[in-house]
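To keep things clear, I will list the structure first and then write my remarks on it.
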Amino acid sequence: MQKRNLLSLFFLCFLACKNSGQDNQAKQEKFDKIKWATKEGPDYPYRDKMLNDLISNYELHGTKKDSLVHLLGSPDRSDSSYLFYRIAQERLGFFPLHTKTLVIKLTKDSSLEWRKIHE
């Protein structure tokens, strides 16, 4: 019985591991507003591939909230000072194992102060 529990734990750990480095580099795409908004079930299949282009090639600092929402669509979650865009989420069944989110901090005049990737 103890071997079965240990084997199950090892299997779950194996499923949770991922090779993030080179695989993601090879699949980079240019930012596309339509693809960014594409949602298949609970997932956004293109966001992780376009994130690097969005961060590197779009000057977003100081952009007003309305322009950000026009470019990126409605955030998955927001409050008065932050916009949250889910980039990717790995799950085991219904349980999230790892979530990657673009977090945008807004100033008091609703322009972008900073953006970060939260994992």
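Out of all the residues in region 27-43, which are in contact with a strand residue (DSSP E or B) (Cβ under 9 Å, 6 or more places away or on another chain), modelled with pLDDT under 95 and open to solvent by less than 60 Å² (accessible area, probe 1.4 Å)? Passing the criteria: only D43.
Residues in region 80-95 that are under 26 Å from K33 (Cβ atoms) and open to solvent by 40 Å² or more (accessible area, probe 1.4 Å): S80, Y82, R86, Q89, E90.
For region 81-108, the set of residues classified as over 17 Å from the mean Cα position of the chain (by Cα), within 20 Å of H61 (Cα to Cα) and without any contact (Cβ under 8 Å) to a residue 24 or more places away in the chain consists of T107, K108, listed by residue number. Scanning for something on the phi < 0 side of the Ramachandran plot and open to solvent by 60 Å² or more (accessible area, probe 1.4 Å), does region 101-110 turn up at least one residue? Scanning region 101-110, I find at least one residue that is on the phi < 0 side of the Ramachandran plot and open to solvent by 60 Å² or more (accessible area, probe 1.4 Å), so the answer is yes. Does region 85-119 hold any residues that are under 18 Å from E40 (Cα atoms), at pLDDT 95 or above and of a type outside the set (D, E, K, R), and which are they? Correct list: Y85, I87, T101. Note on region 44-79: residues that are crowded, with 16+ Cβ neighbours inside 10 Å, among the aromatic types (F, W, Y) and without any contact (Cβ under 8 Å) to a residue 40 or more places away in the chain total 1. Annotation note: Cβ proximity below 8 Å between a residue of region 27-41 that is more than 14 Å from L51 (Cβ to Cβ) and a residue that is assigned to a loop (DSSP other than H, G, I, E, B) and of a type in the set (D, E, K, R) (sequence gap 6+ or interchain) occurs for no pair.
The values are calculated or read from the model by the stated rules, or taken from the named source; none is laboratory data. Remember, predicted model here, so these are calculated numbers, not experimental data. Note that we place each Cβ from the backbone using ideal geometry, even for glycine, and neighbour counts take in every protein chain shown. SASA here: full protein model, heavy atoms, side chains in, ligands and nucleic acids out. Shrake-Rupley method; radii C 1.70, N 1.55, O 1.52, S 1.80 Å.
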